[in-house]
Amino acid sequence: MSELYLLKAIRSIQNFMYYAHAKSNRKKQKSLHRISVNKGCTLFPYLLCLSHEDRYEELQMIYSLSHHEYFIELWLHPETEFIIKSKDSTLLHPEYPTKLNTSKELVNFIESPTLKHFNMICTIITPLNHQKFNLEFTSNCKTIPKIPEQNEDAYFLTSKTIGIADGVGGIFYDFGISSKDFSHELMQKCKSIVSEEKDVISCKEVIKKAYNSVSNGGSSTYLLASLKKNRLYVSNLGDCGLLLFRYSDGSRKLVFQTSAKQYNFNTPFQISKEFNKKQLCSRSVSYSMSGNLMNSKDIDSDEYCITVYPGDILVVGTDGVLDNVYTEEIQKIVKLFPKASVEDLSNKILFLAKKRSQGKENTPFQDRMKEANQPWVGGKPDDITVIVSVVR
């Protein structure tokens, strides 16, 4: 009996010590992490290298025979940076976000507040060079038309390329023919080309090939963004826009934004193609202009190339978004990631743009109208489409 009481007493003391230790660490805003790497039975040393507040230390990871993995459990401060070193490589942990440290090296870091709990998870670690040069998008798109069944916005998503187009609404008033069919077919052709093309081609070449194979006539702005290794290539014609956010100094900040390409205010550059016979026969109002739409002789788009990293967030939108929502408001929504999913972010941006387009609150469009000395109050009703993509 005495041995039983002694065992109970020891366990009570151990539980109390653990409780006191945990309470002390939580007061210091630390969280318990179990960082693991599954490498089968390959028994060679793994080191967890920590960097926090000018302190650097290397800790030996423990090998678990039962789980065939290396692991370590420890209490860590938010913003602690870490990498895992093996005999001949440096590894990143796929379950933690990444950022560039002061030496411009890609490292993992502990988020604040911590959202991840690791309970005996066997995780396969991906080498750093694989992470850096084989990036992909995790994307979600939301769209809502100004007029039901008449959405002139179009888009496509793949793991490496995203595209968005905005059919020019003024074409309907000039010719009585919507640009909906043109913008939608243009994006469908782009998706087919990037899915089937074996050799890497530029976004501009994708648009040219798609344009040449489109049968419907009309006019549209567009933006294409494509990942090649750790580079993001962007082709933009008109007033669609792309914003790139990156985690830095404790929050996600805007690091890049495309510029609208316009002839003058509210008149964007666009790609156009003459109407086919079927479209001309079905037009609902007479011409207010003589002749027909002319084919675009050249695609005078803006081309960009940006280095991206895992964890970067792209927000791509038509002018229905960018005319109604300020950049600072989009940034505030993006900061909700990863607690909010990619779908949550796109929904929040869409609903905010829709609300502003129908209201009397200040908007970017109102500001630009004021600069042009034209009276306007509130938002601009329009088709609204937003894509949110996370680089993985």
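The values are calculated or read from the model by the stated rules, or taken from the named source; none is laboratory data. A quick note: this is a predicted structure, and the numbers were derived from the prediction, not measured. Cβ coordinates were reconstructed from backbone atoms using ideal geometry, including for glycine residues, and neighbour counts include every protein chain displayed.
Some observations on this one:
- Any chance K261 is in contact (Cβ under 8 Å) with a residue 60 or more places away in the chain and of a type in the set (D, E, K, R): no
Matching residues to (1) more than 20 Å from D383 (Cβ to Cβ); (2) within 23 Å of the chain's Cα centre (by Cα); (3) surrounded by fewer than 22 Cβ atoms within 10 Å (Cβ to Cβ):
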site: V200; (1), (2), (3): yes, yes, yes
site: C203; (1), (2), (3): yes, yes, no
site: N216; (1), (2), (3): no, no, yes
site: L223; (1), (2), (3): no, yes, no
site: N230; (1), (2), (3): yes, yes, yes
site: S251; (1), (2), (3): yes, yes, yes
site: L254; (1), (2), (3): yes, yes, yes
site: A260; (1), (2), (3): no, yes, yes
site: T267; (1), (2), (3): no, no, yes
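- Options S183, S192; residue that is small (G, A, S), surrounded by fewer than 22 Cβ atoms within 10 Å (Cβ to Cβ) and modelled with pLDDT of 80 or more: S192
- Among the residues of segment 353-392, the one identified as among the hydroxyl-bearing types (S, T, Y) and in a loop (DSSP other than H, G, I, E, B) is T363.
- Within segment 83-101, the set of residues being within 11 Å of C49 (Cα to Cα) and of a type in the set (S, T, Y) comprises S86, T90.
- Residues in segment 335-381 that are on the phi > 0 side of the Ramachandran plot and either among the small types (G, A, S) or within 23 Å of the chain's Cα centre (by Cα) (or both): G378 only.
- Among (1) modelled with pLDDT of 85 or more; (2) in a helix (DSSP H, G or I) - the single one G163 does not satisfy: (2)
- Taking the criterion of being in contact (Cβ under 8 Å) with a residue 24 or more places away in the chain, part of a strand (DSSP E or B) and loosely packed, with under 14 Cβ neighbours inside 10 Å, the residues of segment 55-77 that qualify are E58, E73.
- Qualifying position, being in a loop (DSSP other than H, G, I, E, B), surrounded by fewer than 20 Cβ atoms within 10 Å (Cβ to Cβ) and either in the same structural domain as K348 (by TED's automatic domain parsing) or modelled with pLDDT of 90 or more (or both), among E149, E95: E149
- When the residues of segment 248-272 are filtered to those that are in contact with a Ser or Thr (Cβ under 8 Å, 6 or more places away or on another chain) and either aliphatic (A, V, I, L, M) or at pLDDT below 85 (or both), the one that is nearest to P364 (Cα to Cα) is L254.
- Residue list for segment 361-387, restricted to those being among the aliphatic types (A, V, I, L, M) and either surrounded by 14 or more Cβ atoms within 10 Å (Cβ to Cβ) or under 17 Å from L350 (Cα atoms) (or both): M369, I384, V386, I387
- When D54 is tested against (1) over 32 Å from the mean Cα position of the chain (by Cα); (2) at pLDDT below 75, exactly one condition is not met: (1).
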